[in-house]
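Notes follow once the structure below has been shown.
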Amino acid sequence: MNFAGASALSELQVDRIDQFLGCLKKLSARERTVFRCLLEAESTREISERLGISERTVESHREKVIQKFGVRNSLELAAMVVRAFVGDRIARCPDWVAFLCE
């Protein structure tokens, strides 16, 4: 278990969180940045402008993130986040908090 408070979670929930964090660790620095932007519901154009890269490059990073998480699209990626981190339990996961604060 990678986070505090895990004893209060079901085994399935712990497995989902561990799977999610394992995928998160596979992302490059730029992929993590794009992923954070996706979580903030930024469009491809907004991400492109924010990061100073082309929209095609943003799409490429998005596809790599989706591939590394083993999902088919951005909607499944969002669902994975929700399934892994229900309610305020996300706040007790140092790996997730560290990711958000990078």
Whichever residue in the range 74-90 is among the small types (Gly, Ala, Ser) and surrounded by fewer than 17 Cβ atoms within 10 Å (Cβ to Cβ) and, among such residues, is modelled with the lowest pLDDT: GLY87
Consider VAL71 against the criteria (1) at pLDDT below 95; (2) surrounded by 12 or more Cβ atoms within 10 Å (Cβ to Cβ); (3) assigned to a helix (DSSP H, G or I): it satisfies all of them except one. Which criterion is unmet? (3)
Any residue at all in the range 37-59 that's surrounded by 17 or more Cβ atoms within 10 Å (Cβ to Cβ) and hydroxyl-bearing (Ser, Thr, Tyr)? yes
Any residue at all in the range 8-23 that is modelled with pLDDT under 95, surrounded by 12 or more Cβ atoms within 10 Å (Cβ to Cβ) and farther than 20 Å from ALA79 by Cβ? no
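The values are calculated or read from the model by the stated rules, or taken from the named source; none is laboratory data. Given the structure is predicted, the values throughout are model-derived calculations rather than measurements. Counting neighbours? That spans all protein chains shown, and the Cβs are built from the backbone with ideal geometry, glycine included.
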